[in-house]
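Here is the structure we will look at, set down as C-alpha cells.
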Amino acid sequence: MIEISTSSTTTTLAVAGDLDLAEREQFPEVTARVVGLRRQLLVIDMCRVTFMDSTGAAFLISLADAGRRRGGATVLRGAADRDLFVLEICGALELFRIDADHRCDADVEVPTSTEAAPA
C-alpha cells in the first residue's frame, strides 16, 4: 500500500508491505501523481516496508530521478539496511538523502496481506 500526502513544499509517500514485482501495477499511477504534484522535496517513508526487490528499487529510483531533473531532492526515511543495500547494489544510493535520525514507531502494525490497495 502506498499513501500520498502533501504540504506546500513536500510530498510524502508512506509505503507499507512489500515493494516488489507483485505491486508493480500501481507504480506508474503513483509516479504520475507524485510528478504531477511538482513539489521540491519527496520524502519516502519506508518504516512499514517488509520487503523490497529490484522492481521496488527501480520504482524508487524513477521517483528520485524525476525529482532530481526538476532540481528537487528525495529523502528516504526509515529505510532498513537491507533496502539501502538493494539501492546500493543498483548503483543508485547517491540519488537519495538518507534520514538517519528518523526512528520508526515500533508499534506500527505492518500489513501482512499482499493485496494491492489503491494509492
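Simple point charges give the picture: +1 on the Cβ of Lys and Arg, -1 on the Cβ of Asp and Glu, and for the chain a dipole about the Cα centre of about 720 debye. Along the axis of the charge dipole computed for the chain (Cβ charges of +1 for Lys and Arg, -1 for Asp and Glu, origin at the Cα centre), the listed residues Ile98, Val15, Gln40 are led at the positive end by Gln40. Every Cα-Cα pair of the chain was included, and the share exceeding 23 Å stands at 22 percent. Find the centroid of the Cα atoms in the stretch 49-81 and in the stretch 1-46, then give the distance between the two in whole Å. Here the answer is 9 Å between Cα centres.
Projecting the Cα atoms of Val49, Ile2, Ile61 onto the charge dipole of the chain, computed from C-beta unit charges around the Cα centre, puts Ile61 farthest toward the positive end. Counted over the chain, the DSSP beta bridges are approximately 25% antiparallel. Within the chain, the longest segment free of exposed loop sites, counting trypsin sites (Lys or Arg not before Pro) that fall outside DSSP classes H, G, I, E and B and have at most 15 other Cβ atoms within 10 Å, spans 1-37.
Values in this text are rule-based calculations from the coordinates and carry no lab data. All values derive from a computational prediction rather than experimental measurement. Backbone-built Cβ (ideal geometry, glycine too); neighbour counts: all protein chains shown.
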